[in-house]
1. Being more than 10 Å from every other protein chain (Cβ to nearest Cβ) and buried (at least 17 other Cβ atoms within 10 Å of the Cβ) is the filter here; which residues of the stretch B:104-120 pass it?
2. Taking interchain pairs and intrachain pairs at least six residues apart, which have beta carbon atoms under 6 angstrom, with the first residue in the stretch A:263-284 and of a type in the set (A, V, I, L, M, F, W, C) and the second surrounded by fewer than 20 Cβ atoms within 10 Å (Cβ to Cβ)?
3. What is the one condition in (1) without any contact (Cβ under 8 Å) to a residue 60 or more places away in the chain; (2) in contact with a helix residue (DSSP H, G or I) (Cβ under 9 Å, 6 or more places away or on another chain); (3) not β-branched (V, I, T) that A:A48 does not satisfy?
4. Look through the stretch A:86-110, keep the residues that are more than 9 Å from chain B (Cβ to nearest Cβ) and among the polar types (S, T, N, Q), and return whichever of them is farthest from A:K54 (Cα to Cα).
5. Does A:S83 satisfy being more than 13 Å from chain B (Cβ to nearest Cβ) and either at pLDDT below 95 or part of a strand (DSSP E or B) (or both)?
6. Just name the residue that is farthest from the other protein chains (Cβ to nearest Cβ) out of those in the stretch A:111-154 that are among the charged types (D, E, K, R) and assigned to a strand (DSSP E or B).
7. Got a sec? Which of A:F371, A:F367, A:F408 is of a type outside the set (K, R) and within 13 Å of A:S39 (Cβ to Cβ)?
8. Take the stretch A:156-214 and flag every residue that is touching a helix residue (DSSP H, G or I) at 6+ places or on another chain (Cβ under 8 Å) and within 14 Å of chain B (Cβ to nearest Cβ).
Amino acid sequence: MSAACVLMALACGNAMADSGTEFPAFSLRGFGTIGLAHSSEDKADFLANDLQAKGAGYSRDWSPDVDSRVGIQLDAKFMSQLSGVVQVVSEQRSDGSYRPEVEWANVKYEVTPDLSLRAGRIVLPTFMVSDYRKVGYAMPWVRPPVEVYSLVPLTRSDGADVSYRMQFGEFKNIVQITYGESSADLVDSGGKVKGRNGWGISDTLEHGPATLRVSYFKSDFSVDSPGLNALFDGFRQFGPQGVAIANKYEADNKSFSFISVGGSYDPGKWFVMGEWGLTDSQSIYGKREAWYVSGGYRFGKFTPYATYSRVGMKSKTSDPGLPPPIPQVSASAAELNAQLNTILAEGPDQATVSLGTRWDFAKNAAFKMQFDHSDIGKGSPGTLDHMQPGFKPGGKYNVFSVVIDFLF
Amino acid sequence: MSFLNRIEMSALGTALFFMAGCAMADVVVVVSPSSSVTAMSQNQVSDIFLGKASRFPNGDRAVPLDLEEGSDERDQFYMKYAGKSPAQVRAHWSKIVFTGKGLPPKEVLHSQEIKKLIAENHNLIGYMDRSMVDAKVKVVAVME
């Protein structure tokens, strides 16, 4: 019985034969992006987020790894109020492979048409387009502004959420509360980042073409990486001062918090949107602030757009470390101080101007071309990663990208 | 753009309409005659079809039905009531679908089928060419 339903659902897509719906009902959908990105900085990699192993520039002249991905989603409706979804995405991982991973897997229960509960793996509602940042077709740009969207690289939460929708006059409001645990593998250090006890609340208010969104998220965050573990163990050898430094910077069950405010106005022929975000990791990763504004105009099938985005550190990017005379007396103490400062200096400080255009050339497919000019702040590598010997921080670089986004 | 709530039944009215030079589909929004909904605004209609609202103004649950993707009536409906091109509608739904927040309206291949379904269920809402309207459905919104 259910096999026949699956076959019928797959054969007919969304078509409904009669006014009653057969349960369970299944539908299969997908999305993807094929992209190439080129960076003018060949002594470091341009990445779309911190969880990618290889990017454009140093690793490859023209890299398909920055933006290419494919996602498949199975939606199941078990009863009129109970449904489930599984989404698997294949994109470049921290180990360089394209290993498919379950991005989402959750069950939703609609208590009323306005109140729904979900349990399982859910998208972390950080920024306005965070939820669908992997669906290129849904966004005007090649990728969400890197400065802003790299603030919180974790994309999903294992736990539960509640959504409540209300309407007053022409205003529509949705509140979403999330609780769960997130984790991700780090790239170079071969370690893992984990966020436990993660609470998030986001509110989206809409009126006609205008949308306003506020989001707050807090979790107990820990990073387990051999390199950092060794650094902090090293500091702890140097008495109470060393222990104080290690405790200050180690990401061991620290309170990570994030707040963002975003708005968009999209009457149809044109759009304007902007977001601002602030993260506080209470650790070596510091406090970061980022924002962007973007606008575009639709000329038939073409949508040219422009974006300005910025990220900067709000916390100190250097530390005196173990005080004199310790580093003068001990070479390893001096080495620890140097290493700590190298990592602190790696905080992103960058501004980018992007110009691009989207062309909806076929049903379910869009071509995009984007040029980014980035200006990195003094001493910082910006949002670049895998810096090679000879890399000069604080410079400028350009990225040129072409992608085809599709749905199926 | 303003909305009007009236049911056009006269052949004269249809003839005048064609004489006015509009050769393309004129799309109206319909519900079941058994529904207590009488009039809806452009925003109320587009909110339901874009998944932003799930109830009629009277509080009843609203279940939208789409015509075939690529059909004139569908393209006209979304341009007139939501101000969106087919690509914009697809992009809009991909944001909702691929975040597990909902699914697009069921697609029904023919206006005749839509009429049959709507006549039997006061929660359904659909759109069709004005010329297809008959006693099986009730018009609740018209965009000039």
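The values are calculated or read from the model by the stated rules, or taken from the named source; none is laboratory data. The structure displayed is predicted, hence computed values, not measured ones. Glycine also receives a Cβ, built like all others from the backbone with ideal geometry; neighbour counts cover every protein chain displayed.
1. Scanning the stretch B:104-120 gives B:S111, B:I114, B:K115.
2. Sorted first by the residue in the stretch A:263-284, then by its partner, the pairs are A:W270/A:Y297; A:V272/A:Y265; A:V272/A:G295; A:M273/A:S264; A:W276/A:V261; A:L278/A:I259; A:L278/A:E289; A:I284/A:I343.
3. (1)
4. A:S90
5. No, not satisfied.
6. Only one residue tops the list, namely A:R121.
7. Among A:F371, A:F367, A:F408, only A:F371 is of a type outside the set (K, R) and within 13 Å of A:S39 (Cβ to Cβ).
8. Of everything in the stretch A:156-214, those that are touching a helix residue (DSSP H, G or I) at 6+ places or on another chain (Cβ under 8 Å) and within 14 Å of chain B (Cβ to nearest Cβ) turn out to be A:E170, A:K172, A:G208.
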